[in-house]
Amino acid sequence: MKTTLILSTALTGLAFTATAQEVNVVSWGGAYERSQVEAYNKPFTEETGIKVNMIAADDPATPLNAQVEAGNVTGDVFDIEVSSAIRLCDEGALVEIDHDSLPAAPDGTPATEDFIDGALQDCAVANIFWGTVIAYNTEKFESEAPTTAADFFDTETYPGKRGLPKNPKRTLYLALIADGVAADEIYDVLSTDEGVDRAFAKLDTIKNDVVWWEAGAQPVQLLADGEVSMTTVYNGRVFDAMVAENQPFEVIWDGQYMDMDMFVIPKDAPNPEAAMEYLKFATGTQPLADQAKYIAYGPSRKSSADLVGMYEDGTTEMAPHMPTSPEHLENAVMDDPEFWADHDAELTERFNSWLASS
């Protein structure tokens with residue numbers, strides 16, 4: 001059965017044909033997409049006979065928003081961040097999910113008790129926990145290596161360009177962590193004018209040394225090309241570069257920004273029944289554990305944890321690379337979708353104005 005995929009700049013962003021025996025899944029590409037193909041898609045197709053069409057986007061919420069606004073929904077399942085899932089659910093754009101219908105854990109524990117807190121939303125089910133971390137090129141710092149978020153901002157001791165994402169959500173928190181704010185106080189500080197000023201003042205100290213990135217593959221490439229000596233990066237992306245590609249990189253877990261990715265089904269999806277079957281299968285205990293064989297993202301179910309073993313090379317233990325490992329949570333900042341629902345517009349406007357200023 002042939003599926004036609006057309007990538008365009010139209011409002012829908014994505015257009016393709018499909019039948020009832022197909023499901024169109026829009027995700028993030030790269031090593032993350034590969035982990036989903038191996039852990040979810042192949043066994044799902046083998047079990048159900050339903051073909052999975054995988055479509056990559058820099059941020060799947062972008063084509064989802066465009067498709068909903070255009071009234072031309074062509075994706076069935078989208079992998080998006082929790083803040084986007086909550087907003088779109090509130091806007092009535094997503095299908096509500098009956099959590100009781102999700103598969104139980106192998107020991108019979110109901111899904112509602114097996115998923116980690118926050119992983120089940122009215123219109124979304126989380127599949128992974130992931131972190132934005134600092135990574136550096138070890139060849140740039142052979143005598144003294146950086147170890148903290150503060151070191152990221154210390155270009156005198158640790159010279160070189162810095163890579164940062166071009167958005168406030170994953171930059172302002174890091175500036176405050178580096179300036180001495182405790183992880184559990186980040187949102188309290190950012191909710192004040194003084195705290196926002198403090199974050200931007202800290203960013204000012206490295207503004208002329210920043211290379212801004214917008215897509216997940218870019219920071220790894222910036223490190224590999226030597227354009228930056230340190231960058232923030234999605235932990236799964238840099239793990240893949242370190243282990244699968246033998247790149248000379250190292251991770252700093254201090255002040256990691258933790259988030260969840262969630263599966264959602266838009267209203268008017270072309271294959272709603274197949275979409276729900278896929279969502280239930282992919283968020284089962286074993287598929288979530290299997291994904292960790294290919295990428296260092298933490299499963300969203302408690303029952304998956306003990307099933308996480310070795311990387312596909314057969315020699316690398318995955319647990320030490322998981323963002324959810326206890327030692328990596330000591331100074332981690334968990335995403336707060338309610339905070340960003342209230343403050344994203346104003347902080348984005350401030351951030352863009354700051355970028356445009358000399």
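In table form, for the structure just shown:
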{"read-out": "Whichever residue in region 303-338 is within 19 Å of the chain's Cα centre (by Cα) and charged (D, E, K, R) and, among such residues, is surrounded by the most Cβ atoms within 10 Å (Cβ to Cβ)", "value": "ASP335"}
{"read-out": "Unique residue being under 24 Å from the mean Cα position of the chain (by Cα) and part of a strand (DSSP E or B) when the list is VAL73, VAL68, VAL25", "value": "VAL25"}
{"read-out": "Checklist (1) in a helix (DSSP H, G or I); (2) farther than 24 Å from GLU346 by Cα applied to GLU227, failing item", "value": "(1)"}
{"read-out": "Unique match (being under 15 Å from the mean Cα position of the chain (by Cα), farther than 18 Å from ASP179 by Cβ and modelled with pLDDT under 95) among ALA126, ALA119", "value": "ALA119"}
{"read-out": "Qualifying position, being open to solvent by less than 50 Å² (accessible area, probe 1.4 Å) and over 23 Å from the mean Cα position of the chain (by Cα), among ASP151, ASP107, ASP98", "value": "ASP151"}
{"read-out": "Elements of type helices (runs of 4 or more DSSP H) contained in region 80-170, each with 2 or more residues being aliphatic (A, V, I, L, M) and assigned by TED's automatic domain parsing to the domain that holds LEU347", "value": "149-152"}
{"read-out": "Criterion (touching a Phe, Trp or Tyr at 6+ places or on another chain (Cβ under 9 Å), open to solvent by 10 Å² or more (accessible area, probe 1.4 Å) and not charged (D, E, K, R)) met by exactly one of ALA145, ALA119, ALA126, ALA135", "value": "ALA145"}
{"read-out": "Criterion: aromatic (Phe, Trp, Tyr), under 30 Å from ALA199 (Cβ atoms), at pLDDT 90 or above and assigned by TED's automatic domain parsing to the domain that holds CYS123 - qualifying residue of TYR297, TYR234, TYR278", "value": "TYR297"}
{"read-out": "Subset of region 171-182 [open to solvent by less than 20 Å² (accessible area, probe 1.4 Å) and assigned to a loop (DSSP other than H, G, I, E, B)]", "value": "THR171, VAL181"}
{"read-out": "Boolean, GLU245 is acidic (Asp, Glu), open to solvent by 10 Å² or more (accessible area, probe 1.4 Å), free of Cβ contacts under 8 Å to residues at least 24 places away in the same chain and on the phi < 0 side of the Ramachandran plot", "value": "yes"}
{"read-out": "Residues located in region 46-67, provided they are without any contact (Cβ under 8 Å) to a residue 24 or more places away in the chain and either surrounded by fewer than 16 Cβ atoms within 10 Å (Cβ to Cβ) or outside the structural domain of MET310 (by TED's automatic domain parsing) (or both)", "value": "GLU46"}
{"read-out": "Region 195-217: number of residues that are over 15 Å from ARG162 (Cα atoms), part of a helix (DSSP H, G or I) and open to solvent by 40 Å² or more (accessible area, probe 1.4 Å)", "value": "3"}
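The values are calculated or read from the model by the stated rules, or taken from the named source; none is laboratory data. Computed from a predicted structure; not experimentally measured. Note that each Cβ is placed from the backbone with ideal geometry, even for glycine, and that neighbours are counted across all protein chains shown. What goes into the accessible areas is simple: the full protein's heavy atoms, side chains included, and nothing from ligands, DNA or RNA. Shrake-Rupley method; radii C 1.70, N 1.55, O 1.52, S 1.80 Å.
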